[in-house]
Every structure is written in C-alpha cells, then in structure tokens.
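Chemist: Encoded as structure tokens, here's the structure I'll be asking about.
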Amino acid sequence: MSKFVVIDHPLVQHKMAMLRDKNLGTKGFRELVNEITMFLGYEVTRDLSVEDIEIETPLMKTTQKVISGKKLAIAPILRAGLGMVDGMLLLMPAAKVGHIGMFRDEETLEPQEYFFKMPQDIDEREVIVVDPMLATGGSAIMAIDSLVKRNVDPENVKFVCLVAAPEGVKALQAAYPQVDIFTAALDEKLNEDGYILPGLGDAGDRLFGTL
Ligand code: PRP
Ligand code: URA
C-alpha cells in the first residue's frame, strides 16, 4: 500500500504560511521553496536502505551504516519543479537530475509535454518527481506515464509537492496506487480555473518572477 504523507512539522507549517502570502517577493519565495523542499526530502528518503561499513575513528574500529541500494534520480516537472531541485540535491548530492517539460493548457487544464530528458539508466533508479503543485493531478500522472514508457517501475517512483488538492491526490492515487505522495499541505479544493484554494497562486510565475 502506497503512502500519502502530509509533513506538518511546525517549521514546515510556519514556512508554508509565509510562502502563501501574496506579498512575499521572488527572492523570499525561492528561498522558502528550497528550505521546505529539504524537510520534504528528509521524509521522502526515510526508507532508503542502508548497509554496514567498517571505519576507524581516532579511537577504535567500528561498524556503521551508510546508504546502499538503488541510485537516485530527481525529476522536476518544469518550470516550477526546478525550484525544488537544489533543496533535494543538498540532501542527495550524487543524485542525477532528469527534466520533464510540461505546461497546463489554460482552457482545458490538460498537460502538454514539451521536453523529456532522463539519465540513461533511469529504469534502474529510484525516481523522485518534484513539482510544487498537485492540482488536478494531470501533470503528475502524465510525467509518471512518460517515465513508465521508459521502463521505470512505478513502485520506484515517489511524488513530492508543496501543496496538494484533494482532487489531485485522488486522481494520482487512482492512476498510480504504487506511488508514494509527500506534501507539505493538503488544501481544500480547486477553483473553476483549476487553481488550488487557498493555495499559493501560480508557483512557476512566483518562482521566476513572471507574474
Ligand atoms: C503548474 C504546476 C504543475 C501543474 C499542476 O504548472 O507547477 O506542474 O500546474 O497542475 P495539474 O495538477 O492540474 O496538472 P504550469 O502548467 O503552470 O507550468 P509552469 O510550471 O511552467 O508555470
Ligand atoms: N498550478 C499552480 O501553479 N498553482 C495552482 O494553484 C494550480 C496549478
């Protein structure tokens, strides 16, 4: 059974409140996205497998744990997912990064893919798909469809966002019940234009100053 995790640590709740404020500028928005992503990354990597290694401290030999198992890839959905890459890479500096270019048609809300570039061995990696917003779920589902077409097993995919709408969570869970979802907030609903309420507005525009 896959996980749906809302990371409601007090520091995350505090930073999310600041992030939602319409008066927060681009610099502050970027910094907070980065910081919140690190908290999400801490949780998303909780189940990574570890193995024993022998090391010698200045005082004695000892057996300690280090991360083992599958290699990792971070897969941001462009544009807004780019804002979450640095936070993830601070925690997982050796991870490869694959990009998924996608935008929502403003009328139909259907995602349109315009770019897809993954590491060659993506089917052998655990893939952490990042996008600040899970609204209708269309972009997340199409991103995972594209990974599956490249032989990625959905069991090896995790989806990480900052704000999720119940509609998007339901759609993603129905399409990919194997995929664990991590979010910093579960909001109320979508409005008639497909924006999350209360949400934080257009994440890509706020991140890149294209409002
Ligand atoms: C936003 C967001 C997600 C998508 C979520 O991207 O970053 O990718 O919408 O909506 P959905 O769950 O209904 O598919 P947008 O299309 O605005 O593109 P951008 O990141 O380039 O601004
Ligand atoms: N994309 C965003 O950037 N914000 C929303 O509220 C919904 C989709």
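The values are calculated or read from the model by the stated rules, or taken from the named source; none is laboratory data. Everything numeric here is computed off the predicted structure, so don't read it as measured data. Cβ sites come from the backbone with ideal geometry, for glycine too, and all protein chains shown count toward neighbours. SASA here: full protein model, heavy atoms, side chains in, ligands and nucleic acids out. Shrake-Rupley method; radii C 1.70, N 1.55, O 1.52, S 1.80 Å.
Chemist: Which count do you get for residues in segment 190-199 that are more than 7 Å from ligand 2 (Cβ to nearest atom) and crowded, with 18+ Cβ neighbours inside 10 Å?
Modeler: Of all residues in segment 190-199, those more than 7 Å from ligand 2 (Cβ to nearest atom) come to 190-193, 197-198.
Among the residues that remain, those that are also crowded, with 18+ Cβ neighbours inside 10 Å are: 190.
Count: 1.
Chemist: Of all residues in segment 87-129 being in a helix (DSSP H, G or I) and not aliphatic (A, V, I, L, M), which is least open to solvent (accessible area, probe 1.4 Å)?
Modeler: GLY87
Chemist: Considering segment 81-123 alone, what residues qualify as being out of contact with any strand residue (DSSP E or B) (no Cβ under 9 Å at 6 or more places or on another chain) and hydroxyl-bearing (Ser, Thr, Tyr)?
Modeler: THR108
Chemist: Continuing with this model, one more query. For the structure I just gave you, tell me whether VAL169 is more than 8 Å from ligand 1 (Cβ to nearest atom) and either assigned to a strand (DSSP E or B) or open to solvent by less than 30 Å² (accessible area, probe 1.4 Å) (or both).
Modeler: Values: more than 8 Å from ligand 1 (Cβ to nearest atom): yes; either assigned to a strand (DSSP E or B) or open to solvent by less than 30 Å² (accessible area, probe 1.4 Å) (or both): yes.
It is true that VAL169 is more than 8 Å from ligand 1 (Cβ to nearest atom) and either assigned to a strand (DSSP E or B) or open to solvent by less than 30 Å² (accessible area, probe 1.4 Å) (or both).
Chemist: I want to confirm something. Restricting to segment 149-166 and keeping residues that are in a helix (DSSP H, G or I) and surrounded by 14 or more Cβ atoms within 10 Å (Cβ to Cβ), which single residue is farthest from ligand 1 (Cβ to nearest atom)?
Modeler: ASN156
Chemist: Separate question: Looking at THR183, THR136, THR210 in this structure, which one is at pLDDT 95 or above, under 12 Å from the mean Cα position of the chain (by Cα) and hydroxyl-bearing (Ser, Thr, Tyr)?
Modeler: THR183
Chemist: How about segment 7-26: which of its residues are among the aliphatic types (A, V, I, L, M) and surrounded by fewer than 13 Cβ atoms within 10 Å (Cβ to Cβ)? If you could, list the steps in order and put the result at the bottom.
Modeler: Going residue by residue through segment 7-26, those that are among the aliphatic types (A, V, I, L, M) are 7, 11-12, 16-19, 24.
Once the filter is applied, which keeps residues that are among the aliphatic types (A, V, I, L, M) and surrounded by fewer than 13 Cβ atoms within 10 Å (Cβ to Cβ), segment 7-26 yields LEU11, ALA17.
Chemist: Residue check, MET84 against (1) assigned to a helix (DSSP H, G or I); (2) open to solvent by 30 Å² or more (accessible area, probe 1.4 Å), all met but one. Which one?
Modeler: (2)
Chemist: Given the criterion of a type outside the set (Phe, Trp, Tyr), more than 14 Å from ligand 2 (Cβ to nearest atom) and open to solvent by less than 50 Å² (accessible area, probe 1.4 Å), identify the matching residue among ASP187, ASP180.
Modeler: ASP180
Chemist: Another question, then. If you check ALA174 against the conditions, is it assigned to a helix (DSSP H, G or I), small (Gly, Ala, Ser), open to solvent by 50 Å² or more (accessible area, probe 1.4 Å) and on the phi < 0 side of the Ramachandran plot? Steps first, please.
Modeler: Details: assigned to a helix (DSSP H, G or I): yes; small (Gly, Ala, Ser): yes; open to solvent by 50 Å² or more (accessible area, probe 1.4 Å): yes; on the phi < 0 side of the Ramachandran plot: yes.
Yes: the conditions hold for ALA174.
Chemist: Among the small types (Gly, Ala, Ser), touching a residue at least 12 places away in the same chain (Cβ under 8 Å), within 14 Å of ligand 1 (Cβ to nearest atom) and part of a helix (DSSP H, G or I) - does that describe any residue in segment 181-195?
Modeler: Looking only at segment 181-195, we keep the residues that are among the small types (Gly, Ala, Ser), and these are 184-185, 194.
Adding the requirement that they be touching a residue at least 12 places away in the same chain (Cβ under 8 Å) leaves 184-185, 194.
Then drop every residue that is not within 14 Å of ligand 1 (Cβ to nearest atom), which leaves 194.
In the following step, the residues that additionally are part of a helix (DSSP H, G or I) were identified as none.
So far as segment 181-195 goes, no, none of its residues is among the small types (Gly, Ala, Ser), touching a residue at least 12 places away in the same chain (Cβ under 8 Å), within 14 Å of ligand 1 (Cβ to nearest atom) and part of a helix (DSSP H, G or I).
Chemist: Still on this structure: With the requirement that a residue be part of a helix (DSSP H, G or I), out of contact with any Lys or Arg (no Cβ under 6 Å at 6 or more places or on another chain) and open to solvent by less than 50 Å² (accessible area, probe 1.4 Å), what does segment 27-81 give you?
Modeler: The answer is GLY28, VAL33, ASN34, THR37, LEU40, GLY41, GLU43, ALA80, GLY81.
Chemist: Something else about it: Confirm whether SER2 is farther than 30 Å from LEU211 by Cβ, among the hydroxyl-bearing types (Ser, Thr, Tyr) and in contact (Cβ under 8 Å) with a residue 24 or more places away in the chain.
Modeler: Yes.
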